[in-house]
Amino acid sequence: MIRKLQITDITQVVKLHKNELSGFLSELGIPFLKKFYKVSLDIPEMFTYVEENNGHILGFTSGISRTKGLYKKIIFKNIFYLIVPLLSYFIVHPLKVIKMLKILSYPAFSEDIPELLTLVVKKEEQNRGIGRKLFQAVSEEFEKRRIKEFYVSAYERLLANGFYRKIGCRLDRSFNFLGEKMNYYKCRIIK
């Protein structure tokens with residue numbers, strides 16, 4: 001069953017994020033991710049849907065209607081709540097501060113566009129239509145917000161590129177991000 005993220009889902013969502021997704025947010029660790037998803041519940045532009053079956057989260061997706069300033073919105077929503085895990089991480093990994101600054105150069109953060117931020121399904125649950133249903137939930141949420149198209153990015157090396165093309169997204173452009181080729185897709189609302 002697809003439904004909106006609830007605070008009681010966060011532990012499972014974080015575990016799924018950490019286990020299935022590579023990237024900087026995963027590197028920040030479980031304490032940061034827990035706080036990130038909790039704070040995201042209070043940001044009106046951001047939304048997360050989960051696929052839940054008998055209390056188990058099989059997948060989830062997050063989107064945002066306005067990407068500009070996303071990390072500022074998250075961090076400053078409750079700065080003291082997020083600062084401890086961030087500082088702890090940067091004390092142990094001081095060179096990652098540079099990576100964090102590079103992440104802030106992500107094109108969508110300056111373009112202020114709607115974006116599907118995350119879509120992940122447990123490996124053992126893939127190829128069962130869950131990803132498509134989650135994508136549909138994002139499309140419907142964007143449609144409620146009067147948004148007709150949105151974007152999603154995927155590193156070139158990921159199988160997600162095939163999924164986004166198959167579901168009807170069109171490659172808008174490619175760019176180098178954090179030393180890897182990233183594809184940026186434009187997606188129209190599907191019904």
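Rounded to the nearest whole Hz, the Karplus-based 3J(HN,Hα) values (6.51 cos²θ - 1.76 cosθ + 1.60, θ = phi - 60°) of segment 175-181 follow the sequence 7, 8, 9, 6, x, 10, 6, with x at glycine and proline.
For the residue pairs Lys34/Lys133; Lys68/Lys181; Lys35/Lys122; Lys123/Lys148; Lys34/Lys186; Lys4/Lys148, the C-alpha atoms sit more than 26 angstrom apart in Lys123/Lys148; Lys34/Lys186. Each Lys or Arg adds one and each Asp or Glu takes one away; over the other residues whose Cβ falls under 13 Å from the Cβ of Gly55, this sums to -2. Available extension along the chain between Asp112 and Leu41 is 23.6 nm, counting 0.36 nm per residue and deducting the alpha carbon span.
So the label point goes 7 Å from the Cα of Ser22 along Cα→C-beta, right? Which residues of segment 152-191 then have their backbone N under 19 Å from it? Once the point is set 7 Å along Cα→Cβ of Ser22, 153-164, 175-184 turn out to lie under 19 Å by backbone N, inside segment 152-191. Approximating the spin labels as points 7 Å out from Cα along Cα→Cβ, the Arg128-to-Leu171 distance works out to 3.2 nm. Each peptide in 139-148, 29-38, 166-175 was scored by the mean count of other Cβ atoms within 10 Å over its residues; highest first, the order is 29-38, 139-148, 166-175.
A short reminder: the numbers here are calculations on the coordinates, not readings from a lab. Everything quoted here is computed from the prediction, not taken from an experiment. Neighbour counts run over all protein chains shown; Cβ positions are idealised from the backbone, glycine included.
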